[in-house]
Amino acid sequence: MRYPATHAACLQASRNVSRGFTSLVVSCLLCLALIGCASWQAPIVIDDSALRERAVTATLRDVQVSAAVLSIEDNQKFFGANINDTGVQSVWVEIVNNSAHTLWLLQSGTDPDYFSPLEVAWSLHKPFSPGSNSKIDDHFDGLSFKNPIPPGETRSGILYTNPHHGTRILNIDLLGQQTIFPFTLFPPVPEDIDRKKMIEISARFAESRNNDYQDESAFRTVLEQLSCCANDTRNSIAGDPINVIIIGELADLGAALIRRGFRRDSQPLDKTQQVFGRQPDVVLRKAGQGGVPANWMRLWVVPFRYQGQPVMLVQSGRPVGGRFRSIDHGKPILHPDVDETRSLVIQDMLYSGGLAKLGFVEGVNPVTVEQRSNHPDKFAYHSDGLRAVLFFVTRPLSLSDVKILDWVPVLERQAAEAAKNNLKEKTNAQHAP
């Protein structure tokens, strides 16, 4: 059958398009197949000797715990990939149980937002590769730490956690029958450790032993005399207020903070706040859900102790806008209600299981809401002028164990302030037209 020239040309063009589309589909399927073919390969030999050599170890009663954070090289050797790139920090843990108890490691105590092995494995899955993906799942699950740890036995494995920077604050809570073995270790993070700063912080803790207050009254007085606020880099009093003071061993403090979701995370803005002529010794953040900006705690080691316990000054703050502010919305600005942030820290620590005593001292310049409203260029925040003083011990404690010190009658003061405001509102209502 013969077609007109124009019809034949159209038919040929249609065939060309069809062949081109078919080629495109085939090419796409081929690319996907090749992606699947470039499959993950299981490491042939897994050797944890390097981890054992640099592991941090602690012993409590008849139980020993060792831990090390995996480096990029360790990731390749253990997993055949660098899972640090997925936002997961893998930690090797070994537990030697010479006690009479069968023990369970509580992963939520190590990281309230910990990753399951199959969750991490899924990040390495490839399309159209069910066989390879199944092997990845089995491999990651096989490397993970397995409960329980029977008496007289040793268990080791990997915990998949959210990343810490510099030095990891690692909680290991081991639960037995009507008993618990709480550990807090500080393994360094390979490729991210500032050894010079670690040495400086250790030296500050050591130097603080030279000035140890034993008398409670004298200790309260010196706390009130500490600087109200941080200095900026030009050494002018323009920084954020110091609204919390912490007393306790670093391990007990670290355990409490981790249990409440704080992680080590220093950012450039933190370096602009200086106390004792230096930037914060440690910075922690508690990230909000959905990637919103985090609340922060900037900590400085104080050059004295109280009854043998280290003391740290803290700036607790949160950004203006809170959870409604985008994380990439520029430099965060301090939320002016710093007392609310102080209260959030107190409540977090009440639920941490490590808070033993709570008190308050003067020390921050009091600024009323009205003063800040009338002079926003002069006052960046408003506050009742008090600092929370938190005393920590080894966990676990219950809420009913916490002792409220009668240093400053905060509850009575707040009740009186509320009554005053109520009276003011009633008076204004009576005189309203």
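Structure data summary
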read-out: The stretch 108-195 shape via C-alpha gyration tensor axes, a/c threshold 1.5; value: oblate
read-out: Entries in K77/K126; K77/K146; K197/K357 that, when Cα-Cα distance is taken, lie over 22 Å; value: K197/K357
read-out: Phi to ³J(HN,Hα) by Karplus 6.51 cos²θ - 1.76 cosθ + 1.60 over the stretch 149-156, Hz, x for Gly, Pro; value: 10, x, x, x, 10, 10, 10, 9
read-out: Relative contact order (percent, whole number), the stretch 49-185, Cα cutoff 8 Å, 6+ residue spacing; value: 29 percent
read-out: Calculated from backbone phi, Karplus (6.51, -1.76, 1.60) coupling profile of the stretch 253-263 in Hz, x at Gly/Pro; value: 5, x, 4, 4, 5, 5, 4, 9, x, 7, 9
read-out: Integer Hz, Karplus 6.51/-1.76/1.60 couplings in order for the stretch 66-78, x for Gly and Pro; value: 10, 8, 8, 7, 6, 7, 4, 5, 4, 4, 5, 5, 8
read-out: Chymotrypsin sites (Phe, Trp or Tyr not before Pro) restricted to DSSP loop in the stretch 342-433 with at most 14 other C-beta within 10 Å; value: Y351
read-out: Prolate/oblate/rounded call for the stretch 195-424, Cα gyration tensor, a/c under 1.5 rounded; value: rounded
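Read-outs throughout are calculated quantities, based only on the coordinates presented, and are distinct from any laboratory measurement. Computed from a prediction, not measured in an experiment: that's the story for all the values here. Glycine gets a Cβ as well: all are built from the backbone with ideal geometry, and neighbour counts include every protein chain shown.
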